[in-house]
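Please read the structure below before turning to the comments.
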Amino acid sequence: MTYRLLADLVLVAHAGFVAFVVLGGLVVLRWPRVAWVHLPVVAWGAGIEFTGGLCPLTPLENHWRGLAGEQGYGGGFVEHYLLAALYPEGLTRGVQLAL
């Protein structure tokens, strides 16, 4: 139970990090000093995505899931959690363009 909770906490932290990468610019508009945090976060997120790297939070989550008796996942966080939501199975190019 504890390992699953730790894995879920890592998942929430990872999702928050990704949300801050994507939406942090809106926070900076309201509080410009946040830019000093947002810029390195964006650099890290972009670097991971452009190089095909793996964020250290992904193996950490998988480690905790393994200790909890659950199966981890291959690939990265964005690929596993976000692409499946953005591009569900059966989504054709025509439907994608219409959306």
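Structural remarks
- Gaussian network model of the chain, springs between alpha carbon atoms under 10 Å - residue of Trp36, Trp44, Trp64 with greatest fluctuation: Trp36
- In the context of the full set of protein chains, the chain has a per residue accessible area of 73 Å² (1.4 Å probe).
- By the Stokes-Einstein formula, at 0.890 mPa s and 25 °C, the stretch 1-80 with its Kirkwood radius over alpha-carbon pairs has D equal to 180 µm²/s.
- In the elastic network of the chain, a GNM with C-alpha springs shorter than 10 Å, the most mobile of Phe77, Phe50, Phe17 is Phe50.
- With a Förster radius of 30 Å applied to the beta-carbon distance between Thr92 and Val12, the computed FRET efficiency rounds to 0.35.
- The stretch 17-99 - percent of accessible surface contributed by carbon and sulfur, probe 1.4 Å: 69 percent
- A simple charge model with +1 on the Cβ of Lys and Arg, -1 on the Cβ of Asp and Glu and nothing else charged puts the dipole of the chain at about 300 debye relative to its Cα centre.
- Heavy-atom accessible area with a 1.4 Å probe sorts Arg33, Arg65, Arg93, Arg4, largest first, into Arg33, Arg93, Arg4, Arg65.
- Approximate spin-label separation Leu5-Glu70, in nm, with each point projected 7 Å along Cα-to-Cβ: 1.4 nm
- Per-pair calculated FRET efficiency, R0 = 22 Å: Tyr81 and Arg30 via Cβ, rounded to 0.05: 0.20
- In the context of the full protein assembly, Glu49 retains an accessible surface of approximately 110 Å², using a probe radius of 1.4 Å and ignoring ligands and nucleic acids.
- In this simple spin-label model, placing a label point 7 Å from the Cα along the Cα-to-Cβ direction at both Ala19 and Leu39 gives a separation of 2.6 nm.
The values are calculated or read from the model by the stated rules, or taken from the named source; none is laboratory data. Source: prediction; values computed, not measured. Glycine also receives a Cβ, built like all others from the backbone with ideal geometry; neighbour counts cover every protein chain displayed. Protein only, heavy atoms only, side chains kept; ligands, DNA and RNA dropped before computing areas. Shrake-Rupley method; radii C 1.70, N 1.55, O 1.52, S 1.80 Å.
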